[in-house]
1. Quick one: grab the alpha carbon gyration tensor of the range 3-89, order the square roots of its eigenvalues as a ≥ b ≥ c, and give me rounded if a/c is under 1.5, else prolate or oblate depending on whether a/b is larger than b/c.
2. May I ask you to derive the FRET efficiency for residue 201 and residue 36 from their Cβ-Cβ distance with R0 = 45 Å, giving the value to the nearest 0.05?
3. Find, to one decimal place in angstroms, the Kirkwood hydrodynamic radius of the range 411-455, where the mean of 1/r is taken over every pair of different Cα atoms and then inverted.
4. With labels modelled as points extended 7 Å from the Cα through the Cβ direction, what inter-label distance (nm, one decimal) is found for residue 193 paired with residue 220?
5. How long is the gain from residue 433 to residue 397 if the chain were fully straight, where each residue apart is worth 0.36 nm and the alpha carbon distance is subtracted?
6. Could you sort the peptides 426-437, 351-362, 86-97, 269-280 by per-residue average Cβ neighbour count (10 Å cutoff), highest mean leading?
7. Residue 450's amide H: which non-local residues (gap 5+, or another chain) put their own amide H closer than 5 Å, with H modeled 1.01 Å from N in plane and none for Pro or chain starts?
8. Going through the cross-link list 278/405; 90/278; 363/405, which pairs have a Cα-Cα distance over 24 Å in this structure?
Amino acid sequence: MENHRFILQPSDIPHAWYNLAADLPQPIPPHCHPATGDPVGPDDMRPIFPDALIMQEVSTEKWIEIPDAVREKLAIWRPAPLVRAVQLEKHLGTPARIYYKNESVSPAGSHKPNTAVAQAYYNKEAGIERIATETGAGQWGSSLAFACDLFDLQCKVYMVKVSYHQKPYRRSLMNLWGAECIPSPSTDTQAGRAILEKNPETTGSLGISISEAVEDAATHDNTNYALGSVLNHVCTHQTVIGLELKKQMALAEDAPDILIGCAGGGSNMAGLLFPYVKDTMDGHGPRLIAVEPTACPTLTRGKYAYDFGDCIGMAPLACMYTLGHSFVPSGIHAGGLRYHGMAPAVSMLHKMGVLEAQAFHQKETFEAGVLFARTEGICPAPETNHAIRCAIVEALKCKETGEAKCIVFNFSGHGHFDLLSYDKYLAEELEDYELPQEWIERSLAELPKSNIPVPV
Ligand SMILES: *Cc1c(COP(=O)(O)O)cnc(C)c1O
């Protein structure tokens, strides 16, 4: 049997994160103040973020040292395995080699602890005692709960009310790691109380939960806020994925022709791709593909513009592909991909033509996930199914052309808390949604103004 699992040791965990900003031909446009439209400075961010992360957010240093205390915690599960999906290849009858970087082996079951651990560390170092955050389906909340527990920080998670009731086991995980998790909107914040007064029956939204978490952080001296995707420093923390991949590809004596990641806010894909982007820009790197749902087609149908990071216009403006902050995606099961915007660095790469984007319907992604589970054995997260679908499509193209390409995708998480969604798929109760152009145009009409021009 040929080796098909490429395993590194904790000593192989990178000593520095790679910062793509150093290699981009233009600076990443700055975040802007939601009220004035002017670039935000460190003073604007200091009430809710520690200085170290504020510096990383605007850094153009190519390498940012990973503190030993962070590497030690990452070593609880890292390096993550690189696996060649030989059973999937066999089933497809493709000459392509398909590999997946398995980020589902983390304690919370996804790539998110890679940044959660780093963020908890820097907050602890800054003397912060407590972190407030929001979570939708619960992946981020549980990752941060785990990380805060490692560094003896208190953690409060405002979880979108509908998910709080639909996904009780994510909440159980947060409690297990010592975090407090409450349904949002809550009566604990002014933002929450105002919404409940107007609409006591509301099921909540990510935008509302963000408002509550930010208010909590801004009004408590000992408390900061943490975000699980989109920001530059989050993408940078995720580059341990691609840096490990390079070593593992060398072990496999192979090199990627195509790199694929699913994209919600863009961070897991950024982690996989960013260390390869310079090669691609220089004309000798892999094809880079972002995969998103047709129901939330930020890169494929959105606009490159300044927009609010949240849904209600309280968070800073970011220069990114967006469907408009008021865009409400239909109820697809890939909760982590239902974000109206995209990381500014990822957005720039797409604008530059370095990063391709593809969109798939929900049912075809679940079909791919079920095939993966029935060949490789692991049940993928609904978000991850998007990357798998794309990898399968590319592998089948190779079957037609006879090309033996090397395809690598990021296995961003497992689906053990998403089995109700699989039940629905198997019972043929899942739906595909056609997204009318008018809906996108309606929310794009509400884009705010910034005082910084969008680069062309
Ligand atoms: C949160 C999440 C995503 C989407 O977030 P990105 O920032 O785009 O990576 C994808 N997959 C899983 C499993 C997630 O939990």
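1. prolate
2. 0.80
3. Computed over Cα pairs of the range 411-455, the Kirkwood hydrodynamic radius comes out at 14.8 Å.
4. Inter-label distance under the simple model: 1.6 nm.
5. In short, 10.4 nm is gained.
6. 269-280, 351-362, 86-97, 426-437
7. none
8. 90/278; 363/405
Computed from the coordinates by the stated procedures, all read-outs in this text should not be read as laboratory data. Keep in mind it's a predicted model, so treat the numbers as computed, not measured. As a convention, Cβ positions derive from the backbone with ideal geometry for all residues, glycine included, and neighbour counts pool all protein chains shown.
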